[in-house]
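Here the structure is laid out as C-alpha cells; the discussion comes afterwards.
The values are calculated or read from the model by the stated rules, or taken from the named source; none is laboratory data. All values reported here derive from a predicted model rather than from experimental measurement. Cβ sites come from the backbone with ideal geometry, for glycine too, and all protein chains shown count toward neighbours.
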Amino acid sequence: MGVLLSSCGYVPSASFAQKALGDSVFVKLNVNLPNPENSVELKDEFNKIIISRFQNKIANADESDSIITIDIDKITDTHIAVSSDAFATYYRVSVFTTYTYDDKKGNKRSVSGSGYFDYNISLDNPLTTHNNRYYAINQAFLQTIDRFVAMMAYEGQYR
C-alpha cells in the first residue's frame, strides 16, 4: 500500500521578501522635522516588521545585505467634519512616504506610498487632540509599511 503526499504550493510572503532583501537589513530614516516623534516611531515599527514578518536581522550598514531608506515626504491634515458652530471636529491625516531599498547586488528600487487615518479633536483639551493626531499618524504609517511589505514579497518572487 502506497502513500500519496501532495502540497498546496503555499509559500509565505516572508520567504519572497527575504529573497529580495537578503538575511540582514539596515534601516535608515530621514526624520520629518515637523513630526520627529512619529518619525522615530515609524523606524521602530519598521524594525519590528523586518524581524517579525520578513524574519530578517537588523544589522549595521556595513554588515547588512540591503539598506532601506525611509523618507517621510509629507504629512497633511484635512478637516472632514465641522460642528454646528462651524468648528472643525474631525480631521484626516495623510502621510506620504518613499521607501528605497538598495542591496549588495546593485539593485535599487523606490516605492512611494500613502496612508490615512481619521481623528477627532477636543475643543476643551489640546493634549487630547495632540494624542489623537499622534496615534492617527502612526496608523497611517502602518498602511504605508504594509504596502512596502507587499511590494517586497512581489519583488522576491522574481529573484
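One line per residue, one yes/no per condition, for (1) touching a residue at least 60 places away in the same chain (Cβ under 8 Å); (2) more than 20 Å from the chain's Cα centre (by Cα); (3) in a helix (DSSP H, G or I); (4) exposed (fewer than 13 other Cβ atoms within 10 Å of the Cβ):
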| residue | (1), (2), (3), (4) |
| --- | --- |
| Ser94 | no, no, no, no |
| Thr98 | no, no, no, no |
| Tyr101 | yes, no, no, no |
| Lys105 | no, yes, no, yes |
| Val111 | no, no, no, no |
| Tyr116 | no, no, no, no |
| Tyr119 | no, no, no, no |
| Ser122 | no, yes, no, no |
| Thr128 | no, yes, yes, no |
Item checked: Of residues in the range 45-73 being outside any loop (DSSP other than H, G, I, E, B) and of a type in the set (D, E, K, R), the one surrounded by the most Cβ atoms within 10 Å (Cβ to Cβ) -> Asp71
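Would you point out which residue out of Asn132, Asn138 is without any contact (Cβ under 8 Å) to a residue 60 or more places away in the chain and of a type outside the set (Ser, Thr, Tyr)? Spell out how you get there, then give the answer.
Values: Asn138 fails: without any contact (Cβ under 8 Å) to a residue 60 or more places away in the chain.
One residue alone meets the criteria, Asn132.
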Check: Looking at Ile68, Ile72, Ile50, which one is within 16 Å of Phe141 (Cα to Cα) and either of a type in the set (D, E, K, R) or modelled with pLDDT under 90 (or both)?
Finding: Ile50
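Residues checked against (1) within 16 Å of the chain's Cα centre (by Cα); (2) small (Gly, Ala, Ser); (3) under 15 Å from Asp103 (Cα atoms):
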site: Ser24; (1), (2), (3): no, yes, yes
site: Leu33; (1), (2), (3): no, no, no
site: Leu42; (1), (2), (3): yes, no, no
site: Phe46; (1), (2), (3): yes, no, no
site: Ala59; (1), (2), (3): no, yes, yes
site: Asp62; (1), (2), (3): no, no, yes
site: Ser66; (1), (2), (3): no, yes, yes
site: Thr69; (1), (2), (3): yes, no, yes
